[in-house]
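Okay, so here's the structure we're looking at.
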Amino acid sequence: MARIETPNRIRGTQDIFGENQRRFATVLATFEHVARLFCFQRVDIPVFESTAVFARSLGETTDVVSKEMYSFEDRGGDSLTLRPEFTAGIARAYLTEGWQQFAPLKIVSSGAAFRYERPQKGRFRQFHQLDAEILGAPEPAAEVELLTFASQLLSELGIGEEVTLQLNTLGDAATRDAWRDALVAHFEAHKAELSEDSLMRLEKNPLRILDSKDPRDRPAADSAPDIDAFLTPEAREFFDAVTSGLDAAGVAWTRNPRLVRGLDYYRHTAFEFVTDRLGAQGTVLAGGRYDGLIEQLGGPPTAGIGWAAGVERLAMLIAEPEAPRVDVVVVPMGESAGIHAQGVLAELRKSGLRADMAFRGNMKKRMARANAEGARFAVILGDDEIAADQVTIKDLRSGEQEKLLAKLAANTLEEFIWDEGFGDAIPPLAERMPRKLAGQVYWALPSGKIVDRL
Ligand code: ATP
Ligand code: MG
């Protein structure tokens with residue numbers, strides 16, 4: 001028989017498992033937690049959109065649109081693109097779903113994004129982003145809100161100390177026009193040193209030369225004029241309001257006058273949180289104000305500001321999350337005990353305990369496995385116990401064991417584990433009375449002890 005070849009995982013994609021999965025989950029859970037603290041609501045948007053959504057919002061000449069998009073024709077002949085980022089899709093939804101009525105709107109999203117790039121450490125073709133946006137707020141307080149959110153997220157992930165917030169202003173339209181003219185004059189004078197890509201940028205968007213990663217461009221980019229000399233009084237006042245807000249909120253920042261964002265739609269504020277721990281892929285979270293974007297999608301003038309963070313890069317930086325704990329393992333001795341044990345196991349889980357039971361194995365194997373899993377307790381069930389409607393509970397740390405009425409097992413263990421400061425799944429006191437165990441309702445004391453049938 002011909003050998004069947006297993007298809008390969010596609011280059012630049014990931015199968016996220018084990019410790020890596022726990023890192024991802026920690027990043028996402030922390031993001032959701034902090035988003036709630038800042039009163040942002042979650043939206044979920046499609047993974048693909050009409051190609052025009054990204055082409056028009058991001059700009060035809062950006063790297064993302066010109067080189068990195070996964071675009072394809074579907075069976076109906078429409079040109080679709082897998083989202084390379086979230087902002088454009090959210091802006092599209094804002095218009096097509098009538099979300100203007102909710103402005104100013106603070107929203108978050110997260111999920112997969114797709115870019116055809118050369119895979120390397122911290123750079124994938126299918127990667128994952130956290131995204132936060134405020135639509136309909138032209139005030140500098142929106143910048144402060146989003147940056148404070150980002151800063152608290154990074155702190156709660158335990159990496160606040162190793163990332164730096166780099167901040168710049170791109171000014172208003174008048175500022176940008178004047179600065180742009182000065183940049184064109186500067187780069188014209190250094191044309192001979194520029195890369196081919198930057199010669200193209202010089203025609204279409206000279207600001208982007210400042211953002212070039214090509215080492216040939218760096219000398220000319222680094223000696224280019226700063227925006228500061230061109231800031232209008234309004235643009236300067238706006239930037240000052242942003243920085244004093246950040247100072248008041250206790251968010252540390254440094255000015256990086258070379259910082260521009262790769263996409264066409266940015267105005268006023270641009271920012272990146274960077275670390276030196278990830279080599280060339282040091283930007284973990286980046287964004288800015290994009291007041292022109294909604295108009296490019298055919299909507300009315302609408303203020304917008306947002307950021308996106310790379311989940312993979314954050315996941316690499318955080319401390320290794322603890323392996324999930326197992327509260328109790330059920331150990332049946334013999335076949336009939338195995339069936340009976342299903343009922344005990346179900347009861348333990350309904351009480352909010354993390355309970356497991358192996359599919360097979362003798363008592364010795366099962367106990368070894370319980371220890372390997374790091375379980376706190378074992379509930380042992382033999383024929384004697386079943387006959388007496390009891391279970392044996394073994395404390396796997398001290399080795400002590402005790403026989404107990406079966407119907408009290410879940411409650412007793414729950415109380416124990418709760419007292420030890422575990423039990424995140426255990427409902428608060430007020431919700432614990434009355435309680436149901438083995439199909440029977442009981443009253444429980446605040447301590448969790450069952451006192452009587454209801
Ligand atoms: P880079 O300069 O690293 O290419 P970018 O400017 O293209 O980043 P953004 O469009 O600002 O990135 O996306 C926001 C964040 O998403 C980045 O700061 C990064 O953390 C993450 N990111 C972007 N592209 C990738 C990728 N291909 N793989 C993994 N993470 C990515
Ligand atoms: Mg990129």
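The values are calculated or read from the model by the stated rules, or taken from the named source; none is laboratory data. Keep in mind the model is a prediction, meaning the values are calculated, not measured. Please note: Cβ atoms are built from the backbone with ideal geometry, for glycine as well, and neighbour counts cover all protein chains shown. Keep in mind that these areas ignore ligands, DNA and RNA; they rest on the heavy atoms of the full protein, side chains included. Shrake-Rupley method; radii C 1.70, N 1.55, O 1.52, S 1.80 Å.
Some notes on this structure:
- Residues that are part of a loop (DSSP other than H, G, I, E, B), surrounded by fewer than 20 Cβ atoms within 10 Å (Cβ to Cβ) and modelled with pLDDT of 90 or more do not occur anywhere in the range 397-411.
- Subset of the range 194-234 [touching a Leu at 6+ places or on another chain (Cβ under 9 Å) and of a type outside the set (D, E, K, R)]: L194, L202, P206, L207, I209, L210, S212, A220, A221, A224, P225, I227
- Pick from the range 1-60, criterion touching a Leu at 6+ places or on another chain (Cβ under 7 Å) and more than 27 Å from E97 (Cβ to Cβ), ranking: surrounded by the most Cβ atoms within 10 Å (Cβ to Cβ): V27
- Scanning the range 106-120 for residues that are within 16 Å of ligand 2 (Cβ to nearest atom) and either among the hydrophobic types (A, V, I, L, M, F, W, C) or free of Cβ contacts under 8 Å to residues at least 40 places away in the same chain (or both) yields A112, A113, F114, R118.
- Just one of (1) surrounded by fewer than 16 Cβ atoms within 10 Å (Cβ to Cβ); (2) within 30 Å of L153 (Cβ to Cβ) fails for G352. It is (1).
- Residues within the range 302-317 that are outside any helix (DSSP H, G or I), near ligand 1 (Cβ under 10 Å from one of its atoms) and open to solvent by 10 Å² or more (accessible area, probe 1.4 Å), tallied: 2
- Selection from the range 132-167 of residues that are acidic (D, E) and within 24 Å of E234 (Cβ to Cβ): E133, E139, E143, E145
- Some residue of the range 374-394 being farther than 21 Å from Q21 by Cα, aliphatic (A, V, I, L, M) and assigned to a helix (DSSP H, G or I): yes
- Residue in the range 268-290 that is most open to solvent (accessible area, probe 1.4 Å), counting only those that are within 16 Å of ligand 2 (Cβ to nearest atom) and assigned to a loop (DSSP other than H, G, I, E, B): A280
- Residue tally, condition surrounded by 13 or more Cβ atoms within 10 Å (Cβ to Cβ) and either among the small types (G, A, S) or at positive phi (or both), over the range 209-229: 4
- Residues that are within 15 Å of ligand 2 (Cβ to nearest atom) and not in a loop (DSSP other than H, G, I, E, B) were ranked within the range 61-81; the one that is most open to solvent (accessible area, probe 1.4 Å) is K67.
- Residue in the range 260-267 that is in contact with a Phe, Trp or Tyr (Cβ under 6 Å, 6 or more places away or on another chain) and assigned to a helix (DSSP H, G or I) present: no
- Applying the set (1) under 25 Å from the mean Cα position of the chain (by Cα); (2) part of a strand (DSSP E or B) to V329 leaves exactly one unmet item: (1).
- The condition (being open to solvent by 30 Å² or more (accessible area, probe 1.4 Å), part of a loop (DSSP other than H, G, I, E, B) and in the same structural domain as V260 (by TED's automatic domain parsing)) is satisfied by just one residue among R118, R92: R118.
- Candidates E320, E295, filtered to the one that is more than 16 Å from ligand 1 (Cβ to nearest atom), under 30 Å from the mean Cα position of the chain (by Cα) and without any contact (Cβ under 8 Å) to a residue 12 or more places away in the chain: E295
- Sole residue being open to solvent by 10 Å² or more (accessible area, probe 1.4 Å) and either under 27 Å from D291 (Cβ atoms) or within 16 Å of ligand 1 (Cβ to nearest atom) (or both), chosen from G171, G136: G136
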